[in-house]
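What follows is calculated from the coordinates using simple rules that are stated; it is not laboratory data. Not measured: the values here are computed from a predicted model. Glycine gets a Cβ as well: all are built from the backbone with ideal geometry, and neighbour counts include every protein chain shown.
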Amino acid sequence: MSNIVAIVGRPNVGKSTLFNRLIKQRQAIVDSVSGVTRDRHYGKSDWNGKEFSVIDTGGYAIGSDDIFEGEIRKQVELAIDEADIIVFVVDVEEGITPMDTEVANILRKVKKPVFMAVNKVDNAMRENDAVEFYNLGLGEYHTISSINGGGTGELLDALALKLENEFEEESELPRFAVVGRPNAGKSSFINALIGEDRNIVTNIAGTTRDSIDTKYNRFGFEFNLVDTAGIRKKSKVKEDLEFYSVMRAVRAIEHCDVAILVLDASRGFEGQDENIFWLAEKNKKGIIVLVNKWDLIEKETNTMRDFDAYIRREIAPFTDVPIVFISALTKQRVFKAIESAVEVFENRKKRIPTSKLNEALLDFMKQNPPPAYKGKFVKIKYCMQLPTPTPQFVFFCNLPQYIRDPYKRFVENKLRELYDFKGVPIIIYFRKK
Ligand code: GDP
Ligand code: GDP
């Protein structure tokens, strides 16, 4: 099950403006290496209690100023393959262009839900102009103004009806997604795991066309791998590599319990690594980091320690994550990698009994209360872990509105110290009681 929404359309219709509105903020990130600010083109959002991932396909356009029809077509086709819902954006100011017609021709044949959003309908007059878009043969449309938000709520209401109610299936076997940049060594890592013995690989029956789940039984562990590597090698999409690998990563992460992020040690931790890490964290999945190609690094006494510290700076504030230095080539620590991933899987399933939790935390929080705010004191009354797939804790107190993020982090750190949630994002709520 997944809820992946792709925004398609020709350049300048307002795709990225809509994207930013859907994810509610400008998700610009600063590339820690170059210091350049780049926009994110995928994000996580929710509406009417349903979560979904949004991908702005325009963000991956190649030379977006003079984009060719062929490239748009390819991107739309990829989006159709990989997404669950398509939002097709057109521009009421410009009216129907030949490229819109071309995209509409492709979308008419699609079985997945397609929403046509006529954008830049900033005022009532333009409602009338929107009528011409019936000619695209896609049926009903939604008029929106991405700039001022008009109509986007109605669009989301309709869209949410098509979203899956995502309660995560409790998987008995760990589901690991091997993700990372092209050439980081994902295929090599998987090959190192399975060795020559192809018999241990069974494709799981009953999965859909994106049957990327493969079951392994290795080193005494049984697990499913959600594979993102390899596919591109036989596909038509070499030119769209980044877009394609992002699509794959988004889907794989949504389907996993633990994301195994493979880095290339000789290149360090780059922007796309950060994106993938962030995506797994946003999805509240378990995470381990594998620093691959460790055989290529010249080592001195503290090389590993320094590299470890460098990665933790990059992934801050969520640093309680296993980092394993491996070589897929020589198979160094490949077993350790899987062992760590299994540990993270177990940590994520961990449930602390309410009585134990209160015993351990209430006294501690009394000794270390949240700072008084406007002369008022916050009193924590009790706490419990919620029965959710990923650890969530709720603390009941008199004045939850006075709790600030630093105190939440302080409590989170205590939880991590007490119970070992290594590799697992934790959510903490304060509620009134
Ligand atoms: P993209 O290339 O499809 O991602 O388009 P952008 O989101 O970059 O928008 C292209 C231009 O259209 C920008 O100048 C936006 O400010 C403008 N734009 C986007 N949405 C609206 C809208 O709802 N109304 C108006 N008037 N302009 C818009
Ligand atoms: P993928 O695109 O992430 O699946 O990466 P591949 O597994 O195809 O690896 C990309 C390149 O890196 C190939 O040439 C591999 O032989 C090489 N490679 C992968 N792992 C290692 C490693 O641990 N050490 C060295 N030296 N090379 C590696």
Amide H to amide H, which residues 5 or more places from Thr143 or on other chains are under 5 Å from it, using H placed in the peptide plane? Val118
At 0.36 nm per residue, minus the direct Cα-Cα distance, what do Arg313 and Lys414 gain on full extension? Give it in nm, one decimal, please. 34.3 nm
Residue-wise HN-Hα coupling along the range 268-282, computed from phi with Karplus coefficients 6.51, -1.76, 1.60 (Hz; x: Gly, Pro): x, 9, 10, x, 6, 4, 4, 4, 5, 4, 4, 5, 5, 5, 4
Check which residues have an amide H placed less than 5 Å from Tyr429's amide H, if you skip close sequence neighbours. Phe393, Val394, Phe395
Going fewest to most other Cβ atoms within 10 Å around each Cβ, Lys293, Lys408 line up as Lys408, Lys293
5 Å-binned pair-distance histogram of the range 269-396 (Cα, whole percent): 2, 9, 13, 15, 15, 13, 11, 9, 6, 4, 2, 0, 0
Given H placed 1.01 Å from N in the peptide plane, which residues other than close sequence neighbours of Phe325 have an amide H under 5 Å from its amide H? Val291
Assigning unit charges at the beta carbon (Lys, Arg +1; Asp, Glu -1) and nothing else, what dipole magnitude in debye, to the nearest 20, does the range 354-432 show about its Cα centre? 360 debye
A correct fewest-to-most ranking of Trp294, Trp278 by other Cβ atoms within 10 Å would be Trp278, Trp294
Working out 0.36 nm times the residue gap between Thr301 and Lys381, then minus their Cα-Cα distance, what length gain in nm do you get to one decimal? 23.9 nm
Between Trp47 and Asn128, what FRET efficiency comes out of the Förster formula 1/(1 + (r/R0)^6) with R0 = 25 Å and r the beta carbon distance, rounded to 0.05? 0.35
Where in the range 62-151 are there chymotrypsin sites (Phe, Trp or Tyr not before Pro) that are in a DSSP coil and have at most 16 other Cβ atoms within 10 angstrom of their Cβ? Phe68
Full extension from Leu399 to Lys356: what is 0.36 nm times the residue separation minus their Cα-Cα distance, to one decimal in nm? 13.1 nm
Karplus-derived 3J(HN,Hα), 6.51/-1.76/1.60, for each residue of the range 258-264, Hz, glycine and proline x: 10, 8, 9, 8, 9, 10, 9
Mind checking which of Pro322, Pro425, Ala309 is farthest towards the positive end of the range 296-433's charge dipole, using Cβ charges of +1 (Lys, Arg) and -1 (Asp, Glu) about the Cα centre? Pro425
The range 354-432 - share of DSSP beta bridges that are antiparallel (%, nearest 5): 50 percent
What GluC sites (Glu not before Pro) does the range 291-370 have in DSSP loop regions with at most 11 other beta carbons within 10 Å? Glu298, Glu300
Applied in sequence order to the range 419-432, the curve 6.51 cos²θ - 1.76 cosθ + 1.60 (Karplus, θ = phi - 60°) yields integer Hz couplings, x standing for Gly and Pro, of 10, 6, 10, 3, x, 10, x, 10, 10, 10, 10, 10, 10, 7
